[in-house]
1. Within the range A:169-207, which trypsin sites (Lys or Arg not before Pro) sit in a loop by DSSP and count at most 12 neighbouring Cβ atoms inside 10 Å?
2. Debye sum, Cα scatterers, the protein assembly as shown, no solvent: what log₁₀ I/I(0) at q = 0.09, 0.13 1/Å?
3. Rounded to the nearest 5, what % of DSSP beta bridges with both residues in chain A are antiparallel?
4. From the backbone phi of the range A:40-56, what are the Karplus-calculated ³J(HN,Hα) couplings (6.51 cos²θ - 1.76 cosθ + 1.60, θ = phi - 60°) in whole Hz, Gly and Pro given as x?
5. Calculated FRET efficiency, residue B:78 and residue A:154, Cβ-Cβ r, R0 41 Å, to nearest 0.05?
6. On average, how much accessible surface per residue is there in the protein assembly as shown, in Å², for a 1.4 Å probe, leaving out ligands, DNA and RNA?
7. Once you charge only the Cβ atoms, +1 for Lys and Arg and -1 for Asp and Glu, what is the size of the charge dipole of the protein assembly as shown about its Cα centre, to the nearest 20 debye?
8. List the aspartates and glutamates whose alpha-carbon lies under 14 Å from that of residue A:114, not counting same-chain residues fewer than 8 positions away?
Amino acid sequence: MNCLIIDDNQIARLTLIQLLALDPTLNLIGECDNATEGYHKILTNPIDLLLLDIEMPGMSGIELVKSLGQNQPMIIFTTAKRDYAVEAFDLRVVDFIVKPVSPARFLQSIEKAKEILTTKKNKVSEVPDEFIFIRDSNTVRRLKLNEILFLEAMGDYVKIAVHEKIYSIHSSLKSVEDKLPNHIFLRVHRSYIINVSKIDTIEGGTLIIDKNLVPVSDAFRAALNKRVQIL
Amino acid sequence: MNKDQNEFELLDLSYMKQVSRGDIDYEKKVTKLFIEIIPENLANLQRDFELRAYPGIKKTLHHMQSSIAVMGLDNKLADYLDIDLYDRVNSRQVKENIDLIAEICNKAVEEAKQYLIELNENN
């Protein structure tokens with residue numbers, strides 16, 4: 001399970017890293033001392049579980065969760081203050097633990113997260129045809145997610161490419177991205193989101209998907225490399 | 001021989017040891033950070049008090065909680081780190097609390113320095 005720690009206190013981060021080492025199935029992807037940096041890490045890395053402080057300078061942990069939309073990984077809030085518990089659970093987080101976190105309490109939360117992840121994975125495999133609805137001229141059309149090749153921002157529109165056909169919808173790429181599941185789609189450029197399973201080849205800064213060239217920008221290359229797991 | 005954690009008057013290292021499970025590197029890093037960060041936090045508290053910048057005081061106190069808890073000072077400082085308390089007390093009481101926090105923390109930092117010397121000597 002890929003984990004990310006966001007906490008402005010370095011001692012707290014070191015302690016959480018030490019606790020993560022208790023379970024060898026947990027893989028620390030990174031640590032951030034602020035929510036803004038964490039937000040970008042979440043969008044560019046396959047994070048399953050976020051260990052998140054609440055009160056931090058700038059964006060708070062609660063604000064971060066609200067801004068993530070559909071891209072929200074599982075979250076365990078780790079905080080020194082109990083006052084946020086009700087608001088935190090309203091955000092459908094896995095757990096809310098008060099620092100200092102005992103190893104036993106930490107592992108209890110991790111077990112809870114693992115159970116949720118297993119259920120989620122089972123649900124995904126039970127639902128082969130995930131889909132979205134788009135407005136196509138005067139018609140509302142159902143598009144299967146696994147048929148979408150990539151999405152491209154074009155001014156106030158987003159082009160959705162499927163095999164030999166392109167649909168345009170009036171929206172921003174960011175708001176479409178928020179509605180797409182990140183286990184299928186990945187942003188590879190300021191103007192492009194791709195369906196990872198549709199990549200034919202990757203060459204330098206370009207992807208080929210069903211004979212279409214899609215640029216990959218430097219900012220997203222590391223995330224792409226991680227995601228495709230080249231053998 | 002390592003000084004037993006109970007020999008410290010203020011520090012209670014039982015939580016740190018529970019987490020470290022014998023990982024001396026972790027103990028050294030945390031202790032060193034505590035020695036570095038706490039004086040900065042105390043200076044911020046004094047500065048913000050002089051400026052009557054109460055939101056700043058509350059932020060610093062909140063930030064200190066994690067560091068203090070790992071070194072086992074949370075119970076000793078609980079009454080003074082209750083952030084909501086600072087909305088109810090006058091400036092004289094705020095000053096008294098800050099001075100008490102500083103007194104306890106400065107002493108704890110000296111104990112942490114002693115502990116770090118022992119960690120370095122024995123490992």
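1. Here the sparse-neighbourhood loop sites are A:190.
2. Listed by q, the Debye log ratios stand at -0.62, -1.02.
3. So the antiparallel bridges in chain A amount to around 65 percent.
4. 5, 5, 5, 6, 10, 9, x, 8, 8, 9, 10, 9, 10, 6, 9, 7, 9
5. Rounded to the nearest 0.05, the efficiency is 0.10.
6. Solvent-accessible surface per residue comes out at 51 Å².
7. For the protein assembly as shown, the charge dipole is close to 1300 debye.
8. Of all the aspartates and glutamates, those that pass the test against residue A:114 - Cα under 14 Å, at least 8 places apart if same chain - are A:23, A:48, A:95.
The values are calculated or read from the model by the stated rules, or taken from the named source; none is laboratory data. Keep in mind that this is a model prediction, so the values were computed, not measured. Cβ atoms come from the backbone with ideal geometry, glycine included; neighbour counts cover every protein chain shown. Note: accessible area is taken over every heavy atom of the protein model, side chains too, but ligands, DNA and RNA are not part of it. Shrake-Rupley method; radii C 1.70, N 1.55, O 1.52, S 1.80 Å.
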